[in-house]
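The values are calculated or read from the model by the stated rules, or taken from the named source; none is laboratory data. In this text the structure is predicted, and so the values were computed from the model without any measurement. Cβ atoms come from the backbone with ideal geometry, glycine included; neighbour counts cover every protein chain shown.
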Amino acid sequence: MLCAVYKSRRLEDSYLYVRERDKFGDVPEPLLEKFGAPEFVLVLNLAKRTSLAIADIDKVKAELLAKGFFLQMPPPKENLLDEHKAILKKQGKQVNE
């Protein structure tokens, strides 16, 4: 299964996978507006891969077949301060909110 991958110039670390290069007919217009002008990255053969760096390859394949596209968003950013406060609370230490 071949697909084309595009990155967003507006949304950091966001990628759009479509079934055919430069074919965005299956992608909802509001999504394309938010995504911005897609910048071509590569054509990817999913049949020859067992995994992808960030996205779940089975989910990518399923959504490409069902919807004609897959949107890969970056993982949520960690809030290190909140994590640190939680650790301190667990240790019974006072935390200033």
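Out of the residues in region 26-49 that are free of Cβ contacts under 8 Å to residues at least 40 places away in the same chain and closer than 18 Å to LEU65 by Cβ, which is surrounded by the fewest Cβ atoms within 10 Å (Cβ to Cβ)?
Step by step, filter region 26-49, then rank; the result is LYS48.
On the given criteria, is VAL60 within 20 Å of TYR6 (Cα to Cα), of a type in the set (Val, Ile, Thr), in a helix (DSSP H, G or I) and at pLDDT 90 or above? Spell out the reasoning first.
Details: within 20 Å of TYR6 (Cα to Cα): yes; of a type in the set (Val, Ile, Thr): yes; in a helix (DSSP H, G or I): yes; at pLDDT 90 or above: yes.
Considered against the rule, which asks whether it is within 20 Å of TYR6 (Cα to Cα), of a type in the set (Val, Ile, Thr), in a helix (DSSP H, G or I) and at pLDDT 90 or above, VAL60 comes out as yes.
If LEU42 passes every condition in (1) out of contact with any Pro (no Cβ under 8 Å at 6 or more places or on another chain); (2) not in a strand (DSSP E or B) but one, which one does it miss?
(2)
Among the numbered criteria (1) surrounded by 10 or more Cβ atoms within 10 Å (Cβ to Cβ); (2) of a type outside the set (A, V, I, L, M); (3) not in a helix (DSSP H, G or I), which one does LYS77 miss?
Unmet condition: (1).
Check off (1) without any contact (Cβ under 8 Å) to a residue 24 or more places away in the chain; (2) loosely packed, with under 12 Cβ neighbours inside 10 Å; (3) of a type in the set (D, E, K, R); (4) part of a loop (DSSP other than H, G, I, E, B) for LYS23 and give me the number that stays unchecked.
(2)
Okay, residues lined up against (1) under 18 Å from SER8 (Cα atoms); (2) over 17 Å from the mean Cα position of the chain (by Cα); (3) not aliphatic (A, V, I, L, M):
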| position | (1), (2), (3) |
| --- | --- |
| ALA53 | yes, no, no |
| LYS61 | no, no, yes |
| LYS67 | no, no, yes |
| GLU83 | no, yes, yes |
| ILE87 | no, yes, no |
| LYS90 | no, yes, yes |
| GLN94 | no, yes, yes |
